[in-house]
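Please read the structure below before turning to the comments.
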Amino acid sequence: MIIVVRPDATEEQVDHIIKKIKDHGLQAHISKGTERTIIGAIGDESILQSLPLEAIPGVEKVLPILKPFKLASWEFRKEKTVITVGSQEIGGKRIAVMAGPCAVENKTLLIEIAKEVKNAGANFIRGGAFKPRTSPYAFQGLEEEGLRYLAEARERTGLPIVTEVMDPRDIDMIVKYADVLQIGARNMQNFRLLKEVGLCKKPVLLKRGISATIKEWLMSAEYIMSGGNHSVILCERGIRTYETATRNTLDLSAIPVLKQMTHLPVIVDPSHAVGKWDLVAPMAKAAVAAGADGLIIEVHSNPEEALCDGEQSLKPKSFKQLMEEMKPIAAALGREI
Ligand code: PEP
Ligand code: MN
């Protein structure tokens, strides 16, 4: 850790900073320039990381050398994390495609959509039984009944289930049905929820918060991992910007940035990013080209009547076409779809 001392700091203040470092068992390396003094704290930096060092008089800036996230970093794990769910993989050669309606609406419709996405080559069925809606008057999800329908869709198609968990009180029930637990964008920093899913044995799909930085997002992954659950999938789903032409702004650069920072698999949700069905395919293809390990896409057989996110849902036919069009892009990157 490097501590930059203010130009007007007194000798006493500098001595006090050095004492603080030594009191915590680290060594202080002092470098006095003509204008500035810089102090290097040598030793276990993590001891100092939780202290408000910038509150010490005379300190101008503290520059940590260690990353604040550990388990998610390449320093902790040298190989890419590949998460296995039944016969499916996330983070392997094959690009994992999760597809299905925004919300589970009824059994017949869900099974119909599950069969369609399976036929198009999807690897997982997605569908929310607990929905984080902006309005309390909007459809909130079928809850356990919806989970039962998802389990039936899995039985009929063999596709594992990805579904959202919104509240720690529902986890025990949801884990009985789900194969992958989704943490939605609005809950990325719900730390109680993150800690609870960190104790689960099921993989967690962690969506990026609506206005979260990549570092904050990785810290949320770290919360889950520090509980013992190392199966975390990061999902870029667009962030809020000043642009209104799309629902959110898809940060595709997050994919290569994350690949440099973490061994965890990174997937993309083009549906919630763009919010409009005819913009989904180009961004899904771009995500594959940028190195995404997977995609999560909303598909509905009758988007006009959908109870949630119909405007951004692909019809099964367009989804199938997209799957075909992504194949050569995946192949160009040495991957499969
Ligand atoms: C969803 O996947 O249906 C959803 C609500 O996503 P997000 O949390 O990214 O808005
Ligand atoms: Mn949705």
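Remarks
- Shown here for segment 1-106: GluC sites (Glu not before Pro) in loop regions (DSSP other than H, G, I, E, B) with at most 11 other Cβ atoms within 10 Å, namely Glu35, Glu79.
- Exceeding the 21 Å Cα-Cα cut-off - candidates Lys118/Lys276; Lys32/Lys215; Lys115/Lys317; Lys70/Lys131; Lys259/Lys285; Lys202/Lys259: Lys118/Lys276; Lys32/Lys215; Lys70/Lys131; Lys202/Lys259
- Cα gyration tensor, segment 83-332 - rounded (a/c under 1.5), prolate or oblate: rounded
- The order of the peptides 126-133, 61-68 by mean Cβ neighbours within 10 Å, most packed first, is 126-133, 61-68.
- Loop GluC sites (Glu not before Pro), segment 107-145, which have at most 15 other Cβ atoms in a 10 Å radius of their Cβ (DSSP): Glu143
- Ordering of 224-232, 246-254 by burial proxy (mean other Cβ atoms within 10 Å per residue, highest first): 224-232, 246-254
- The order of Tyr177, Tyr149, going from fewest to most other C-beta atoms within 10 Å of their C-beta, is Tyr177, Tyr149.
- Exposure proxy ranking, count of Cβ atoms within 10 Å, fewest first, for Cys102, Cys200: Cys200, Cys102
- Contact order relative to length of segment 2-63, as percent, for alpha carbon pairs under 8 angstrom and 6 or more apart: 49 percent
- FRET efficiency estimate (nearest 0.05) - Cβ-Cβ, Lys215 to His16, R0 30 angstrom: 0.50
- Among the trypsin sites (Lys or Arg not before Pro) found in segment 176-224, those both in a DSSP coil and sparsely packed, with 15 or fewer other Cβ atoms within 10 Å of their Cβ, are Lys176, Lys201.
- Sequence of Phe191, Phe139 once ranked by neighbouring C-beta atoms within 10 Å, starting from the fewest: Phe191, Phe139
- Mean residue ellipticity (222 nm) of the chain, computed from DSSP H runs ≥ 4 via -39,500 (n - 2.57), nearest 500: -10000 deg cm²/dmol
- Lys, Arg +1 and Asp, Glu -1 on Cβ, resulting dipole of the chain about Cα centre, debye, nearest 20: 620 debye
- Aspartates and glutamates whose Cα lies under 16 Å from that of Lys195, excluding same-chain neighbours fewer than 8 positions away: Glu164, Asp167, Asp170, Asp172, Glu216, Glu222
Only the coordinates and a few stated rules stand behind these numbers; no lab work does. Remember, it's a predicted structure, so these values are computed and weren't measured experimentally. We place every Cβ from the backbone using ideal geometry, glycine too, and count neighbours over all the protein chains shown.
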